[in-house]
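Reading through the structure tokens given below for one structure.
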Amino acid sequence: MFQPKERIALFIDGANLHAAGKALGFDIDYRRLLKRFEANGYLLRAYYYTAIAEDQEHSSIRPLVDWLAYNGFSVVTKPAKEFIDASGRRRIKGNMDIELAVGALEIADRVDHIVLFSGDGDFRSLVEAVQRKGVKVTVVSTVNSKPPMIADELRRQADHFLELSKLMEELGRTPSERPTAKGFDDANGENEDEDQV
């Protein structure tokens, strides 16, 4: 599905990828993820999108975001919004769909292939728009979780679909291998805040 000289850009919906990995029972090793796609062609950019709760002085996602920013990823963040749901529970909302879509449309003229790590059906129109510019799109998510993490319309629109569970050996590690809170000197960080986004 990849050509040797293709210019590739990765677009990672952090909350969605975290949820898909969690549903499959493994954590993403971002160092391995980057190397995997660098081997497929010329990796122009790897974008990681996530919202961060500003009221948490030491957010559990902060070490991961810092590691990514220093290790080859272009990190795009925005403050998450806090609200109280109907049952009185505190919730955090931080949708990065618009930011990711704008980034993909901006770079579409300079790449041959976009790899989207998300199963969010809202991205179907984005995929269609970049395809009209002649860009191939591969979507990475899973149908092997209960319920499936990928929207059927997104899977059908993509040129290629990569099943995340088939990449577990290559890109993942089990939660038991997770480093301690202070052990974020590598790419194996966990983002508990993503559960709430």
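The values are calculated or read from the model by the stated rules, or taken from the named source; none is laboratory data. All figures in this text were calculated on a predicted structure; none of them were measured in a lab. Positions of Cβ are backbone-derived with ideal geometry, glycine not excepted, and every protein chain shown enters the neighbour counts.
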(message) Cβ-Cβ under 8 Å, sequence separation 6+ or interchain: first residue in the stretch 83-104 and farther than 30 Å from GLY134 by Cβ, partner assigned to a loop (DSSP other than H, G, I, E, B) and among the acidic types (Asp, Glu). Which pairs?
(response) ARG91/ASP85
(message) Please verify whether LYS35 is surrounded by 14 or more Cβ atoms within 10 Å (Cβ to Cβ) and either aliphatic (A, V, I, L, M) or not in a helix (DSSP H, G or I) (or both), treating the condition exactly as stated.
(response) no
(message) So, PHE11, is that one touching a Phe, Trp or Tyr at 6+ places or on another chain (Cβ under 6 Å) and surrounded by 22 or more Cβ atoms within 10 Å (Cβ to Cβ) or not?
(response) yes
(message) I'm checking my understanding of the structure. Among residues of the stretch 57-86 that are assigned to a loop (DSSP other than H, G, I, E, B) and modelled with pLDDT of 80 or more, which one is farthest from ALA46 (Cα to Cα)?
(response) ALA86
(request) State all residues of the stretch 67-122 that are farther than 28 Å from HIS160 by Cβ and either among the small types (Gly, Ala, Ser) or surrounded by 15 or more Cβ atoms within 10 Å (Cβ to Cβ) (or both); if no residue qualifies, say none. (result) TRP67, ALA69, THR77, LYS78, ALA80, GLU82, ALA86, SER87, GLY88, ILE92, GLY94
(request) Determine whether THR50 is touching a helix residue (DSSP H, G or I) at 6+ places or on another chain (Cβ under 8 Å), among the polar types (S, T, N, Q), crowded, with 17+ Cβ neighbours inside 10 Å and without any contact (Cβ under 8 Å) to a residue 40 or more places away in the chain. (result) no
